[in-house]
Protein chains: 8
Amino acid sequence: MKKTAIIMGSDSDWNVVKKAADTLEELGMPFEVRIMSAHRTPAEAAEFAGRAAENGFGVFICAAGMAAHLAGAIAANTTLPVIGIPIASGSLGGMDALLSTIQMPPGIPVASVGINCAKNAALLAAQMIALGEPELAQKLCEMRKSMADTVRSKDEQFRNMY
Amino acid sequence: MKKTAIIMGSDSDWNVVKKAADTLEELGMPFEVRIMSAHRTPAEAAEFAGRAAENGFGVFICAAGMAAHLAGAIAANTTLPVIGIPIASGSLGGMDALLSTIQMPPGIPVASVGINCAKNAALLAAQMIALGEPELAQKLCEMRKSMADTVRSKDEQFRNMY
Amino acid sequence: MKKTAIIMGSDSDWNVVKKAADTLEELGMPFEVRIMSAHRTPAEAAEFAGRAAENGFGVFICAAGMAAHLAGAIAANTTLPVIGIPIASGSLGGMDALLSTIQMPPGIPVASVGINCAKNAALLAAQMIALGEPELAQKLCEMRKSMADTVRSKDEQFRNMY
Amino acid sequence: MKKTAIIMGSDSDWNVVKKAADTLEELGMPFEVRIMSAHRTPAEAAEFAGRAAENGFGVFICAAGMAAHLAGAIAANTTLPVIGIPIASGSLGGMDALLSTIQMPPGIPVASVGINCAKNAALLAAQMIALGEPELAQKLCEMRKSMADTVRSKDEQFRNMY
Amino acid sequence: MKKTAIIMGSDSDWNVVKKAADTLEELGMPFEVRIMSAHRTPAEAAEFAGRAAENGFGVFICAAGMAAHLAGAIAANTTLPVIGIPIASGSLGGMDALLSTIQMPPGIPVASVGINCAKNAALLAAQMIALGEPELAQKLCEMRKSMADTVRSKDEQFRNMY
Amino acid sequence: MKKTAIIMGSDSDWNVVKKAADTLEELGMPFEVRIMSAHRTPAEAAEFAGRAAENGFGVFICAAGMAAHLAGAIAANTTLPVIGIPIASGSLGGMDALLSTIQMPPGIPVASVGINCAKNAALLAAQMIALGEPELAQKLCEMRKSMADTVRSKDEQFRNMY
Amino acid sequence: MKKTAIIMGSDSDWNVVKKAADTLEELGMPFEVRIMSAHRTPAEAAEFAGRAAENGFGVFICAAGMAAHLAGAIAANTTLPVIGIPIASGSLGGMDALLSTIQMPPGIPVASVGINCAKNAALLAAQMIALGEPELAQKLCEMRKSMADTVRSKDEQFRNMY
Amino acid sequence: MKKTAIIMGSDSDWNVVKKAADTLEELGMPFEVRIMSAHRTPAEAAEFAGRAAENGFGVFICAAGMAAHLAGAIAANTTLPVIGIPIASGSLGGMDALLSTIQMPPGIPVASVGINCAKNAALLAAQMIALGEPELAQKLCEMRKSMADTVRSKDEQFRNMY
């Protein structure tokens, strides 16, 4: 199975991003966690992105805050799918990171999830990889059913409340 | 090759969404264009999403404006990857569609591209499908190189301007 | 008297939504509290909405945060009036939920109240039901008078302060 | 059948609000169109709201732009349901009118629809009145089915396009 | 000297508004503090505004949050100057109150100060009254000089820090 | 009667600001129109503000766009009341000018009106001056009544429409 | 004199950016205009930035719209000062470009000017270069005086208008 | 070496601005910290700016919150480069300060950094001064390398985590 690369712009994002790693682990998917900065280590980020396909990676998950260029900088150096997680840091609630991540110019796409939604980034990576991995696709279906069951059991509790 | 489903909430979005169809055509990818509304034909949308995998679809591209629920409504009924295109309609410049598309709850991801960025939605779909289609991956690399060449030739013009 | 259905997208919204239940109880109105998710249990939500009229419901109150599709998903499956409560969750102060709830396309209305304003949602439901229930209408008038008296007595306190 | 009062803050809003009148007419509902300003004729607005119930009105639709106080000013003087239409005027795309209409304090609800969504305001009024008018409820169901059929026929056109 | 009326929509705003009262007191200006709600006691608010001139008032200071109609509702019933203080309450940082207070239609002005800036509202009232009260004008000049001196003495501290 | 100073940051604002001059003229108030820039002619602006009281001015109306510092720069040099008109220029709909004008620090107030609302700025100036000019106060009352009559006659037209 | 590099992300920005070139020309400063894209030609952009100092450049002016990464991508590869011009393109009025340009992480600064303010970017570049070029500093002072004179002569026109 | 002037509008900004002083100290650059207010001590600010060049200053760093006029007020009185730091104070997350600082009119530039980004303001000042100080330029390169090394060593930790 192709690997997923989880890249953070800063280790301070880890408390949010960890949920992506947890989800990939739960799904039994191979992945690596890296810290690379579009601004502080741009050459490493570009080189990593450029060689990712030959190194067995299939998808990127990039998390960054503020003027969040990381996902775009990776996307500029690969044609593998790149998922962006805008991180809410600073005083604007992550709106800066959201717009910096998603408003990419035509030709260089980034697939953005909601602010701080690391779990969804991981699930999206899984859905992409699962296009060629029926067993993983099956796990995603089961996880979805389990989520629905949780909602249903909470619904039961509330129905009997009044 | 798995098909891509392009779904619009309204035919008035077609002038924007057409670029997605054009890009898929240029890449030689099979696709269908559909009009289904999360609010006006919710049952059709749910059923289509639920049966898409068995009908040969691999990826969804969903375009909608305002309280843009379409991508989320499709994602609720499938574990295939769903790409959302927020459409700028009404008076808020598409900010309503952007937030309605991207801020999905944990567990049900939507991969959002920028406002009106239909071309990037198509490229993202191609990148996902290309994970299992080396020839398509090759086409994406060539398209990328061609884009870079266009920038370079424009750069030449400007360098000689002053 | 027709019942009111209070539906939450997640039980984490209950601390806000409880005020709606309290208000309906204070007015002596019959109601049910349910947890249904537009994204995690879409079929249940659609079916519940579709059968609500025949099951004795007259009005819906739907509370959800982020890309808040719940009110719209219910409204898509009924022609009973649907009241939406945008819940402030995440980092955008509920602006995402507000726009996702209120900016519905022509033809499928949602009646939105302010962010987290569960009490107003309940009062709105009461005002609708009261169109055919003179006794309930009378209670609403009395509640309104009582609110005014509270303001007046606080005014008295402040007038004598300086 | 109880009448609907359509109130505009200014006759310049009529090109938007007319769709509400058209929709009520199409549904065969009795209504009146009035121009009253929360700021320029506050006494008339208050008096009209206070006597509306005894004058045969069941629902209000109030349209105003900018610091849109009209719906709130009417709601302050009645316990009948009040629907607000935020009008986009000036340079902020109607965001000012939206927040001024919807963010009502606890106790005095306004049911807001999307910016400029006059049709939805009328449908919402119809849904409320229809709680006690089965024939009108039936018309709303038919209108909904007709909308769905329109979507379906447009879907047909697009399916055969590629 | 003409009195200033400080009106709050709710006593919960007092912790912010108290600074206006303190400033008026410091300047030796006569004033009253009232609680009146544009929505809960609209008749009292309208009557108070309408009779304020004959009751010896010269200026209004109106503080309210969310869909802050209070200043506008007072302004609709008087041609005395009305100063609005948008109060930050709820989840939008006071942007709702700011737009609801300031975006008044042509013909009915409200003089808005910054969010929660109760002190500036009081100073503005003083500046207006001072147009006909040279002694008060003198006090305002002295207060201004004193503020400048405070800045200068802090400047001294910092100059010597490095 | 004390004069009103209308100051624009740029002559390109005149098409908006002219309404303030027209309104002052209609009310028979003495005024001057000046172009002074907080950034391009700061010394002139400061000097003019500092000497305005002795030169017979009672109120300032300051109009500027973008990072609209003009009203604040004038207010920093006088204790006469300063009214700010945020001008919508550039691409942000005047939100930049609104926040730059209104969010003044404690101690230096600016009375802001809505974006581009030059007429309200003039009326506010008139209300301030009218505190010591009963005849002007009377004119303001008549103007207000005339506005109400205009609304009433338009109301008549619409009442007979359906 | 050190050269200024004007870099655009796309030739469609030229109609805005041309003012920067015109201003540098007017000041007699040496400069080059280049088209390089942080996303489409990232390697060229990085290499150009890395070698700029040894190639005689002293300052960068980078103009880009939407998720405007260009200034940041250049800044990541040089310690020369980088000035960013956020370009208003798309439907958000340039707010996306503004936040993407200015909200840089600690350590990698970008000096941002206002949306579309190409002239100010050029003047800023001139002010930096002028720190070591007294003649250029002199020209900036004269240009400033000339701007003030223009304001003064327009002020004269308006003073005599009423 | 030319001095840098760090100016705050209020000493309450010091906890943010101190990072600028620390960074200049770390780089061995001469600087002064001052408190001057565009609104409370405008004459001092203007005079300081006007004489800064002859007093040995090369660059300004101006920090202010809300309607942040300080950087603009300094820039209006000098042609030395002025760097603005928008401070997040009040309830709008610093968006008011950001727009007030950056949206300067053509002709009077301010170089704005991100909200509260005092460190970047200092680095920008250093980059400007370093144009004529090769030793300082060298220090900036080393600081940059050191930052990259920090990222690399954190990357090592995470690579070995899974």
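The values are calculated or read from the model by the stated rules, or taken from the named source; none is laboratory data. Source: prediction; values computed, not measured. Methodologically, a virtual Cβ is constructed for each residue, glycine included, from the backbone with ideal geometry; neighbour enumeration extends over all protein chains shown. Protein only, heavy atoms only, side chains kept; ligands, DNA and RNA dropped before computing areas. Shrake-Rupley method; radii C 1.70, N 1.55, O 1.52, S 1.80 Å.
Against the test of being open to solvent by less than 30 Å² (accessible area, probe 1.4 Å), among the hydrophobic types (A, V, I, L, M, F, W, C) and within 14 Å of chain G (Cβ to nearest Cβ), the options A:ALA67, A:ALA43 yield a single qualifying residue, A:ALA67. Among residues of the stretch G:129-162 being in a helix (DSSP H, G or I) and of a type in the set (S, T, N, Q), the one that is farthest from F:ILE7 (Cα to Cα) is G:GLN138. Residues in the stretch B:75-95 that are open to solvent by less than 10 Å² (accessible area, probe 1.4 Å) and among the β-branched types (Val, Ile, Thr): B:VAL82, B:ILE83, B:ILE85, B:ILE87.
For the condition out of contact with any Leu (no Cβ under 6 Å at 6 or more places or on another chain) and either in a loop (DSSP other than H, G, I, E, B) or at the interface with chain F (Cβ under 7 Å from one of its Cβ atoms) (or both), E:LYS119 qualifies.
Suppose the filter is under 16 Å from the mean Cα position of the chain (by Cα) and part of a helix (DSSP H, G or I); does G:ALA20 pass it? For G:ALA20, the condition - under 16 Å from the mean Cα position of the chain (by Cα) and part of a helix (DSSP H, G or I) - is met.
Kindly evaluate A:ALA63 against the criterion of being within 19 Å of G:GLY9 (Cβ to Cβ) and either touching a Phe, Trp or Tyr at 6+ places or on another chain (Cβ under 8 Å) or modelled with pLDDT of 95 or more (or both). It would help to see each step written out before you state the result.
On the way: within 19 Å of G:GLY9 (Cβ to Cβ): no; either touching a Phe, Trp or Tyr at 6+ places or on another chain (Cβ under 8 Å) or modelled with pLDDT of 95 or more (or both): yes.
For A:ALA63, the condition - within 19 Å of G:GLY9 (Cβ to Cβ) and either touching a Phe, Trp or Tyr at 6+ places or on another chain (Cβ under 8 Å) or modelled with pLDDT of 95 or more (or both) - is not met.
Do we have any residue at all in the stretch F:46-60 that's part of a strand (DSSP E or B) and in contact with an Asp or Glu (Cβ under 6 Å, 6 or more places away or on another chain)? For the stretch F:46-60, residues part of a strand (DSSP E or B) and in contact with an Asp or Glu (Cβ under 6 Å, 6 or more places away or on another chain): absent.
Within the stretch G:25-40, being more than 9 Å from every other protein chain (Cβ to nearest Cβ) and in a helix (DSSP H, G or I) holds for one residue alone: G:GLU26.
Only residues that are among the polar types (S, T, N, Q) and surrounded by fewer than 19 Cβ atoms within 10 Å (Cβ to Cβ) were counted across the stretch C:120-138, and they come to 1. Of all the listed residues (H:ALA130, H:ALA111, H:ALA121), the sole one being under 18 Å from the mean Cα position of the chain (by Cα), modelled with pLDDT of 95 or more and closer than 30 Å to F:ASP13 by Cα is H:ALA111. Checking each residue in the stretch G:78-102 for being within 24 Å of G:GLU44 (Cα to Cα), facing another protein chain (nearest Cβ under 7 Å) and assigned to a loop (DSSP other than H, G, I, E, B) picks out G:THR79, G:LEU80, G:PRO81.
Considering the stretch G:1-40, and only residues there that are among the small types (Gly, Ala, Ser) and surrounded by fewer than 16 Cβ atoms within 10 Å (Cβ to Cβ), the residue that is nearest to G:GLN138 (Cα to Cα) turns out to be G:GLY28. You will find that of A:CYS141, A:CYS117, the residue that is surrounded by 23 or more Cβ atoms within 10 Å (Cβ to Cβ) and at negative phi is A:CYS117 and no other. All of (1) open to solvent by less than 30 Å² (accessible area, probe 1.4 Å); (2) more than 7 Å from every other protein chain (Cβ to nearest Cβ); (3) hydroxyl-bearing (Ser, Thr, Tyr) hold for D:SER146 with one exception: (1). Which residues, counting only those in the stretch E:51-64, are more than 18 Å from E:GLY90 (Cα to Cα), crowded, with 24+ Cβ neighbours inside 10 Å and more than 9 Å from every other protein chain (Cβ to nearest Cβ)? Passing the criteria: E:PHE60, E:ILE61, E:CYS62.
So D:MET161 clears everything in (1) more than 23 Å from C:ALA76 (Cα to Cα); (2) of a type in the set (A, V, I, L, M, F, W, C); (3) at pLDDT 95 or above except one condition, right? Which one? The one condition D:MET161 does not meet is (3). If you filter the stretch E:96-108 down to residues that are of a type outside the set (S, T, N, Q) and open to solvent by less than 10 Å² (accessible area, probe 1.4 Å), you find that the one that is farthest from the chain's Cα centre (by Cα) is E:GLY107.
Per-residue answers, yes or no, for (1) touching a strand residue (DSSP E or B) at 6+ places or on another chain (Cβ under 8 Å); (2) under 14 Å from G:ILE83 (Cβ atoms):
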residue: G:ALA118; (1), (2): yes, yes
residue: G:ALA122; (1), (2): yes, yes
residue: G:LEU136; (1), (2): no, no
residue: G:ASP149; (1), (2): no, no
residue: G:ASP155; (1), (2): yes, no
residue: G:PHE158; (1), (2): yes, no
residue: G:MET161; (1), (2): yes, no
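Within the stretch C:126-137, residues that are closer than 15 Å to D:PRO109 by Cα sit with their Cβ atoms under 7 Å from residues that are open to solvent by less than 10 Å² (accessible area, probe 1.4 Å) and among the β-branched types (Val, Ile, Thr), at 6+ positions apart or across chains, in these pairs: C:MET128/C:VAL59; C:ILE129/C:VAL59. For E:PHE48, the requirement of being aromatic (Phe, Trp, Tyr), within 12 Å of chain F (Cβ to nearest Cβ) and touching a Lys or Arg at 6+ places or on another chain (Cβ under 9 Å) is not met.
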